[in-house]
């Protein structure tokens, strides 16, 4: 009879506490994983945009340019290749616009520059709301070996005032043939990517 009563009892307090502890640990791991997944999804915007900006800079260098003046009869002009000059403005202009939130840029913001300078030269723009502010800088010669560019994204995903920075660069180098080639960095430099 005693054996029968013992078999019909429920779980002991210790057993229930062990189950609650296990569920709590699993929940904590799940929350961490989901948070990491969401942050990674948001930073994918910066990585994709910088990759596109770098490809656009390389394509801009490959476009052939010529003087825009009328040639006199019997003369010619040289074909030139040049990197786009630095963007005239960071979009958005202030980190406060992306601090823990998204920013919807105005299409006119991406029209800054000329066919040789800035966003117009790169033919880069964003139509969707963005977590990051973007800039493009060019240093050194635009058509000489050693000329460099950096595509930069900065964001503040958690709104704490600390910016995460993503930087993807490229450089003009002497190719094996007679000309220069744009070479891109093998990876994006990331500083505080989860901020």
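Structure values in brief
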| read-out | value |
| --- | --- |
| Test: residue 89 is farther than 30 Å from residue 160 by Cβ and in contact with a helix residue (DSSP H, G or I) (Cβ under 9 Å, 6 or more places away or on another chain) | no |
| Complete set of residues in segment 173-195 that are within 18 Å of residue 52 (Cβ to Cβ), part of a loop (DSSP other than H, G, I, E, B) and in contact with a helix residue (DSSP H, G or I) (Cβ under 9 Å, 6 or more places away or on another chain) | 185, 188 |
| Residue match in segment 98-109 (condition: surrounded by fewer than 18 Cβ atoms within 10 Å (Cβ to Cβ) and closer than 23 Å to residue 180 by Cα) | no |
| Among the candidates 159, 113, residue that is surrounded by 14 or more Cβ atoms within 10 Å (Cβ to Cβ) and at positive phi | 113 |
| Count of residues meeting criterion [out of contact with any strand residue (DSSP E or B) (no Cβ under 9 Å at 6 or more places or on another chain) and closer than 14 Å to residue 90 by Cβ] in segment 107-124 | 0 |
| Checking residue 157 against (1) modelled with pLDDT under 95; (2) touching a helix residue (DSSP H, G or I) at 6+ places or on another chain (Cβ under 7 Å); (3) over 29 Å from residue 37 (Cβ atoms), the condition it does not meet | (3) |
| Qualifying residue in segment 44-66 (condition: part of a strand (DSSP E or B) and either in contact with a helix residue (DSSP H, G or I) (Cβ under 9 Å, 6 or more places away or on another chain) or in contact (Cβ under 8 Å) with a residue 40 or more places away in the chain (or both)) | yes |
| Sole residue being assigned to a strand (DSSP E or B), over 21 Å from residue 58 (Cβ atoms) and either free of Cβ contacts under 8 Å to residues at least 40 places away in the same chain or under 15 Å from the mean Cα position of the chain (by Cα) (or both), chosen from 155, 170 | 155 |
| Members of segment 138-147 that are surrounded by fewer than 18 Cβ atoms within 10 Å (Cβ to Cβ) and either part of a loop (DSSP other than H, G, I, E, B) or within 18 Å of the chain's Cα centre (by Cα) (or both) | 140, 141, 143, 144, 145, 146 |
| Tally, over segment 162-189, of residues that are within 16 Å of residue 90 (Cα to Cα) and surrounded by fewer than 20 Cβ atoms within 10 Å (Cβ to Cβ) | 3 |
| Qualifying positions in segment 83-114 - in a loop (DSSP other than H, G, I, E, B), free of Cβ contacts under 8 Å to residues at least 40 places away in the same chain and farther than 19 Å from residue 46 by Cβ | 88, 106, 112, 114 |
| Residue match in segment 20-34 (condition: surrounded by 10 or more Cβ atoms within 10 Å (Cβ to Cβ) and touching a strand residue (DSSP E or B) at 6+ places or on another chain (Cβ under 9 Å)) | no |
| Segment 119-137, subset farther than 16 Å from residue 102 by Cβ and in contact (Cβ under 8 Å) with a residue 60 or more places away in the chain, residue surrounded by the fewest Cβ atoms within 10 Å (Cβ to Cβ) | 123 |
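The values are calculated or read from the model by the stated rules, or taken from the named source; none is laboratory data. Not measured: the values here are computed from a predicted model. Cβ: placed from backbone, ideal geometry, glycine included. Neighbour counts: every protein chain shown.
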